[in-house]
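Below: one structure, written as structure tokens.
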Amino acid sequence: MEQLSAKALRDRIAAGETSSVEATEAILSRIEDVDPALGAYISTHREMAMERAADVDRRVKAGEPVGELAGVPVAVKDNMCTTFGATTCASAILKDFHSPYNATVVEKLLAADAVIVGKTNMDEFAMGSSTENSALRRTVNPWDGARVPGGSSGGSAAAVASRLCYAALGSDTGGSIRQPASFCGVVGLKPTYGRVSRFGLVAYGSSLDQIGPITRSVADAALMMNVIAGRDAADSTSVDETIAPVCDYLEKLAIPVEGLKIGVVSEFNAGADEPVREALGEAIGVYEGLGAEVVEIGMPRLDYAIAAYYVIATAEASSNLARYDGVHYGHRSERARDYVKVYTKSRAEALGKEVKRRIMLGTYALSSGYYDAYYLKALKVRNLIRGDFTEAFRKCDCIMMPVAPTTAFGIGEKVDDPLTMYLSDIYTIAANLAGVPAISIPCGFDGNRLPIGLQIISPAFTEDRLLAIARMFERQTDWHKAEPTVSGGH
Ligand code: GLN
């Protein structure tokens, strides 16, 4: 049963052909078997999950209407607030934090009758590309237990790849949905900034953060978007639907894009490892076989994306994380004897190394003497990058590029070398700076049988077309059907 797609499982449950109790029990016992070695979950919520599953089954039996994700076991990244369990952000500072409210996306999942089985591991406060910055546990790559699952939504991607849930939510500030999806061989969609409510998502870089689905197929990503997309009065940056209407993403999926023009930035892509470049070339070849045309585009400012991102994201993070002061939230130092020490000791004791590094970088970039030189400059570069996209989308419908320059790297390989770790975000970051949607779909393997992802980027609020373009590829290939050979390092 774990092999079914979320959509197929939902249809069966709604038709009374299988029960949510059965599906949920199967997932929970699989988590108990596999997750001690895999490390995808920070917490699971068996009792609540089984209760909700039983309720869905009861309603199906009674002929009552059920939601779009009726009885489907799903997972959410542990930086989305839930009233059940803790919301830790994989940080020691929030280890015991219980939210008084649910994030809007969590409310929407519940309203669609999804069964949330657990909350997934991540880099602390979503800062990282490998999930190694989690203060709570280690997640390994389902395809090779000695490698990282990617990050920061590594737990969600590993859980979906290892069949420990049917779909999951991640968050993407600079690639954190797409890169782990690519490393784990699953589908990851970062929607347009403002398409999905961020209310209740613990803020990292507020002008960049976006929640999106991690799934086993493009259709399941569309199904998840049907549930989570849309304006939310509680998030003023979520976009008005009269300006950018949401649609039925599943329905639009079936419509292949005619006369597709694919933009490629050859020079930029040349920086990726050979197996990644080869897989990209072959993937584009598949589209050409379907009648697509490839156009070479110039995006001269992409080279500056990483530099601009690590100024903007850290600046925003330094401000957002000021609230973890030992007074309002989370851990308070036992050793503090005066109020200044409450702040300093609580933060010193319970924030991880990478988080501290980001706070220092961001505080520096925002300090009065350097604001113009770093932060303001980075904002200007961001604007130019946005302009590069606008210019590019005059010549093409979408842009294809790698998700990451490499496949999954080894645990411990980059964790002591922050700059190298930052450089691994080179292909994903620009979409966040520009606010445009981007998807990662499985498109091959390297010589070590590690998954490779294809990234497709499209203009703002064209998720319907983006998903349809991704679906065209999926229909022609079997990459998304491959199963991890190693689950949890067995
Ligand atoms: N790896 C990037 C960072 O560390 C992106 C993280 C993310 O998207 N949350 O900032």
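The values are calculated or read from the model by the stated rules, or taken from the named source; none is laboratory data. Just so it is clear, the structure is predicted and the values come from calculations on it, not from any experiment. Note that we place each Cβ from the backbone using ideal geometry, even for glycine, and neighbour counts take in every protein chain shown. Side chains are part of the model used for accessible areas, which takes the heavy atoms of the whole protein and leaves out ligands, DNA and RNA. Shrake-Rupley method; radii C 1.70, N 1.55, O 1.52, S 1.80 Å.
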Matching residues in the range 387-422 (within 20 Å of ALA270 (Cβ to Cβ), in a loop (DSSP other than H, G, I, E, B) and touching a helix residue (DSSP H, G or I) at 6+ places or on another chain (Cβ under 8 Å)) number 5
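Can you find a residue in the range 299-306 that is open to solvent by 30 Å² or more (accessible area, probe 1.4 Å) and touching a Leu at 6+ places or on another chain (Cβ under 6 Å)? Break it down into steps so the answer makes sense when it comes.
Within the range 299-306, the first condition is being open to solvent by 30 Å² or more (accessible area, probe 1.4 Å), and the residues that meet it are 300-301, 303-304.
Narrowing further to those that are touching a Leu at 6+ places or on another chain (Cβ under 6 Å): 301.
Within the range 299-306, one or more residues are open to solvent by 30 Å² or more (accessible area, probe 1.4 Å) and touching a Leu at 6+ places or on another chain (Cβ under 6 Å).
Can you go through PRO418, PRO484, PRO437, PRO451 and tell me which one is open to solvent by 10 Å² or more (accessible area, probe 1.4 Å) and under 30 Å from ALA307 (Cα atoms)?
Details: PRO484 fails: under 30 Å from ALA307 (Cα atoms); PRO437 fails: open to solvent by 10 Å² or more (accessible area, probe 1.4 Å); PRO451 fails: open to solvent by 10 Å² or more (accessible area, probe 1.4 Å).
None of the others qualify; the one that does is PRO418.
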List the residue pairs whose Cβ atoms are under 6 Å apart, where the first residue sits in the range 122-144 and is under 21 Å from ILE426 (Cβ atoms), the second is at pLDDT 95 or above and open to solvent by 40 Å² or more (accessible area, probe 1.4 Å), and the two are 6 or more positions apart or on different chains.
ASN141/ARG147
Look through ALA54, ALA23 and report the one residue that is in a helix (DSSP H, G or I) and touching a strand residue (DSSP E or B) at 6+ places or on another chain (Cβ under 7 Å).
ALA23
Unmet requirement for VAL327, which otherwise passes all of (1) among the aliphatic types (A, V, I, L, M); (2) open to solvent by 30 Å² or more (accessible area, probe 1.4 Å); (3) closer than 19 Å to ALA438 by Cα
(3)
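Being over 21 Å from the mean Cα position of the chain (by Cα) and either surrounded by fewer than 24 Cβ atoms within 10 Å (Cβ to Cβ) or within 15 Å of the ligand (Cβ to nearest atom) (or both) is true for just one of ASP78, ASP96, ASP113, ASP123. Which residue is that? Even if it seems obvious, please write down each step before you answer.
Details: ASP78 fails: over 21 Å from the mean Cα position of the chain (by Cα); ASP113 fails: either surrounded by fewer than 24 Cβ atoms within 10 Å (Cβ to Cβ) or within 15 Å of the ligand (Cβ to nearest atom) (or both); ASP123 fails: over 21 Å from the mean Cα position of the chain (by Cα).
When all the criteria are applied, what remains is ASP96.
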Residue within the range 42-51 that is of a type outside the set (A, V, I, L, M, F, W, C) and in contact with an Asp or Glu (Cβ under 7 Å, 6 or more places away or on another chain) present:
no
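Specify the residue that is surrounded by the most Cβ atoms within 10 Å (Cβ to Cβ); the eligible residues are those in the range 271-298 that are modelled with pLDDT of 95 or more and assigned to a loop (DSSP other than H, G, I, E, B). So that I can check it myself, show each step before the final result.
Initially, the range 271-298 is screened for residues modelled with pLDDT of 95 or more, giving 272-297.
Filter again for assigned to a loop (DSSP other than H, G, I, E, B), leaving 272-273, 290-292, 297.
Values: ALA272: 21, ASP273: 15, LEU290: 15, GLY291: 12, ALA292: 23, ILE297: 21.
Filtering the range 271-298 for residues that are modelled with pLDDT of 95 or more and assigned to a loop (DSSP other than H, G, I, E, B), the one surrounded by the most Cβ atoms within 10 Å (Cβ to Cβ) comes out as ALA292.
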If I filter the range 196-218 for residues that are more than 13 Å from the chain's Cα centre (by Cα), away from the ligand (no atom under 16 Å from the Cβ) and outside any loop (DSSP other than H, G, I, E, B), do I get at least one hit?
yes
So for the range 228-243 (the condition being surrounded by 19 or more Cβ atoms within 10 Å (Cβ to Cβ), at pLDDT 95 or above, part of a helix (DSSP H, G or I) and away from the ligand (no atom under 16 Å from the Cβ)), does at least one residue qualify?
yes
Which count do you get for residues in the range 189-223 that are basic (Lys, Arg) and in contact with an Asp or Glu (Cβ under 6 Å, 6 or more places away or on another chain)?
2
Does the range 166-177 contain any residue that is open to solvent by less than 20 Å² (accessible area, probe 1.4 Å), away from the ligand (no atom under 16 Å from the Cβ), within 16 Å of ILE214 (Cα to Cα) and not charged (D, E, K, R)?
yes
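Have a look at ALA348, ALA292, ALA272, ALA307 and point out the one that is in contact (Cβ under 8 Å) with a residue 24 or more places away in the chain and under 30 Å from CYS89 (Cα atoms). Outline the logic, then answer.
Values: ALA348 fails: in contact (Cβ under 8 Å) with a residue 24 or more places away in the chain; ALA292 fails: under 30 Å from CYS89 (Cα atoms); ALA272 fails: under 30 Å from CYS89 (Cα atoms).
None of the others qualify; the one that does is ALA307.
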